[in-house]
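Below: one structure, written as structure tokens.
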Amino acid sequence: MAQFQYVALTRDGAKVSGMMEGFNELDAASRIKQDCDVILKIKQVREKDESPGILNLEFGKPRLNNKAFTVMCSQFAIILKAGIPIGRAVKLIADKTTDRTLKRMLVKTAEDVEGGRSLSASFADHGEKFLPVTFIETIRAGEESGNLHQSFESMHLHFDKQSKMGSRVRGAMAYPMFVLVLSVIVVVVLMVKVVPTFTSLFDSYGATLPLMTQMLIAISGFFQHYTIYMAAVVAVLIIIYRFYAATEDGRLRTSKLFLKVPVLGEIQELNAASQFANTMTTLLEAGLPMNRAVSITSRVMDNYFLGSETGKLSGALEEGRSLGVSMREQAVMPDILIDMTAVGEETGEMAETLNTIGQYYDAELEQAIQSALAKLEPTLLIGIAVVAGFIVISIYMAMFSLYGSM
């Protein structure tokens, strides 16, 4: 809890000052008014140990370490299942956590829980900037149902699955991205440093050069004179795009455009279907009502357009319409997902059905990514071979031409 310094008047009219703990200013004020009639001044005091040292300063938005977060969920599930009180459990995990962001949040949460506050409300306050909304809402549902350890176990399985999928994708992307970056660097160095050396040699002989060599020299000259300008233009375009994509209209248009890009659009659609099915499964199993689960799911989907369309389904559910029919009318999700959702509603086994379809889309997504990477690697190699071959042939043809003119 936070500390508040105050100045107030007692019932006898005496002026007093002191410190009071509270979850917020309103809570502290209500505690002060138990002894004082009038509050003249109240101000939150920042504790010294909360002021970060130079070595512990963090810039920008706190980032969540997925691996540490998944381990934390697992620890909560095990400790709470053993019957340890929630306040003691938070303290134990805070002591064992090495991730600074999570440790700082857990220390504050432990203080709140000991003061009688709910775990989910404290998580929402201290971890709002980096904790997934799915996590907070599932923990809140677990508190309401009395199955908090099951909620943490569900979160552990859910985020562990996401973390492993992300690791596989990043691992598969590492080699092609390394090759692409290295190729760009090599081409720039060749054009700016190596080719000009041969150009000065060719100019000293004054011979007529082949067309390919003339093209190579022209390209090299362009890189020499305009590399900085090209980098500046690219930087400006990136900044403009980021500003535009930060607006509501920009996010909708760009996310909708990505869905139409070959290969990438299919991957985004499969990823959205996987996120919808898996997140809905987790939330429904935690006991959340359908419309609330849909609303939360829409906020965790990567594609903003599909997420906003999913969010509209919550309104249709509140009007008494079925989820499957509403999704079919929107027609933005894959047909199989829509049909299976409708089947789950009819049979009353929505969570089980969505869990099955989620596994299907996980496999489809991984296969689509692997297929895209399998096509990307030879494309990169062919591109590199074409560029390298063009440079080598251009230089050799010039040399042969010089030898012929001697």
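The values are calculated or read from the model by the stated rules, or taken from the named source; none is laboratory data. Note that the structure is predicted; figures quoted are calculated from it, not measured. Reconstructed Cβ throughout: ideal geometry from the backbone, glycine too, with neighbour counts over all protein chains shown. Note: areas computed on protein heavy atoms with side chains; ligands, DNA, RNA excluded. Shrake-Rupley method; radii C 1.70, N 1.55, O 1.52, S 1.80 Å.
Considering only protein heavy atoms, what per residue accessible area in square angstrom results for the range 267-406 with a 1.4 angstrom probe? Working shown, then result.
Working: 6710 Å² over 140 residues.
Ligands and nucleic acids excluded, the result is 48 Å² per residue.
Looking at the range 267-364, which trypsin sites (Lys or Arg not before Pro) are DSSP coil and have at most 13 other C-beta atoms within 10 Å of their C-beta? Could you put the intermediate results ahead of the total?
Values: sites: R292, R299, K312, R321, R328; in loops: R321.
Qualifying residues, ordered by number: R321.
Efficiency by 1/(1 + (r/R0)^6): what FRET value for E329 and E144, r their Cβ-Cβ distance, R0 = 22 Å, to the nearest 0.05?
0.10
Run down the aspartates and glutamates and flag those whose C-alpha is under 16 Å from the C-alpha of K103, throwing out any fewer than 8 positions away in its chain.
D49, E50, E58, D95, E111, D112, D125, E128
Sorted from largest to smallest, which semi-axis lengths in Å does the alpha carbon gyration tensor of the chain give for its equivalent ellipsoid, taking the root of 5 times each eigenvalue? Walk me through the numbers before you get to the answer.
Working: eigenvalues 629, 208, 80 Å².
Equivalent ellipsoid semi-axes, largest first: 56, 32, 20 Å.
Expressed as a whole number of Å, what is the distance separating the alpha-carbon centroids of the range 227-281 and the range 310-350?
So the two Cα centres are separated by 26 Å.
Please list, or write none, the aspartates and glutamates whose alpha carbon is within less than 17 Å of the alpha carbon of K312, excluding same-chain residues fewer than 8 places away.
E248, D249, D302, E329
With the Cα gyration tensor of the range 289-374 in hand, give its eigenvalues times 5 under a square root as the equivalent ellipsoid semi-axes, listed largest first in whole angstrom. Please report the intermediate quantities before stating the final value.
Details: eigenvalues 110, 50, 24 Å².
Equivalent-ellipsoid dimensions as semi-axes: 23, 16, 11 Å.
Name the residues whose placed amide hydrogens come within less than 5 Å of the amide hydrogen of C36, ignoring near sequence neighbours (fewer than 5 apart) on the same chain.
Result for C36 returns nothing.
If a/c stays under 1.5 just call it rounded; otherwise compare a/b with b/c (prolate if a/b is bigger, oblate if not). Do that for the range 115-162, with a ≥ b ≥ c from the square roots of the Cα gyration tensor eigenvalues. Show your work: numbers first, answer last.
Working: a/c = 2.56, a/b = 1.19, b/c = 2.16.
Verdict is oblate for the range 115-162.
Go through the range 337-343 residue by residue and turn each phi into a ³J(HN,Hα) via Karplus (6.51, -1.76, 1.60, θ = phi - 60°); whole Hz please, and just put x for glycine and proline.
Ordered by residue, 3J(HN,Hα) equals 4, 5, 5, 5, 5, 5, 5 Hz.
If you stretched the chain out fully between V234 and V263, how much longer would it get, using 0.36 nm times the residue separation minus the C-alpha to C-alpha distance?
Values: separation 29, 0.36 × 29 = 10.44 nm, distance 2.41 nm.
Using 0.36 nm per residue and subtracting the Cα-Cα distance, I get 8.0 nm.
Based on the alpha-carbon gyration tensor of the range 58-126 and its eigenvalue square roots a ≥ b ≥ c, which shape applies: rounded if a/c is under 1.5, prolate if not and a/b is larger than b/c, or oblate?
Judged from the Cα gyration tensor, the range 58-126 comes out oblate (a/c at least 1.5, b/c at or above a/b).
Using a 1.4 angstrom probe on heavy atoms only, work out the carbon and sulfur share of the accessible area of the range 310-379 in %. Can you show the working numbers first?
Values: 1800 of 3630 Å².
Answer for the range 310-379: carbon and sulfur cover 50 percent of the accessible area.
Of all the accessible heavy-atom surface of the range 94-160, with the other protein chains kept in place and a 1.4 Å probe, what percent is carbon and sulfur? Before the final figure, lay out each step's value.
Numbers: 1340 of 2940 Å².
In the range 94-160, the share of accessible area belonging to carbon and sulfur is 45 percent.
What FRET efficiency, computed as 1/(1 + (r/R0)^6) with R0 = 25 Å and r the Cβ-Cβ distance, is obtained for V194 and Q370, rounded to the nearest 0.05?
On the way: r = 36 Å, r/R0 = 1.46.
Efficiency, from the Cβ-Cβ distance: 0.10.
What's the magnitude of the charge dipole for the chain around its Cα centre, counting Lys and Arg as +1 and Asp and Glu as -1 at the beta-carbon? Answer in Debye, nearest 20. Intermediate results must be reported in sequence, preceding the final value.
Values: 38 positive and 43 negative charges, 290 e Å.
Its charge dipole is roughly 1400 debye.
Below 17 Å, Cα to Cα, which lysines can K164 reach? Residues fewer than 8 away in the same chain don't count.
Cross-link targets: K67.
Leaving out ligands, DNA and RNA, and with a 1.4 Å probe, what % of the accessible surface on the range 198-303 is carbon or sulfur? Write out the running numbers ahead of the final one.
Values: 4100 of 6290 Å².
Carbon with sulfur: 65 percent of the solvent-accessible area.
So what is the orientation-averaged projected area of the range 255-316, using the convex hull of its C-alpha atoms, in nm²? Before the final figure, lay out each step's value.
Numbers: hull surface 15.1 nm².
If I average the Cα hull's projected area over directions, I get 3.8 nm².
Which distance in nm do the two modelled labels at E318 and E128 give, with both placed 7 Å along the Cα-to-Cβ direction?
Output for this residue pair reads 2.1 nm.
Tell me, what ³J(HN,Hα) does each residue in the range 121-128 have, in order and in whole Hz, if you take phi through Karplus 6.51 cos²θ - 1.76 cosθ + 1.60 with θ = phi - 60° and put x for Gly and Pro?
Once θ is set to phi - 60°, the couplings for the range 121-128 become 5, 5, 4, 5, 6, 8, x, 4 Hz.
Which number do you get for Rg(Cα) / (2.2 N^0.38 Å) in the range 82-233?
Values: Rg = 29.6 Å, N = 152, 2.2 N^0.38 = 14.8 Å.
Compared with the compact-globule rule of thumb, the range 82-233 sits at 2.00.
Taking the convex hull of the Cα atoms, report for the range 214-260 its projected area averaged over all directions, in nm². Mind showing how you got there, number by number?
Details: hull surface 18.4 nm².
Orientation-averaged projected area of the Cα hull: 4.6 nm².
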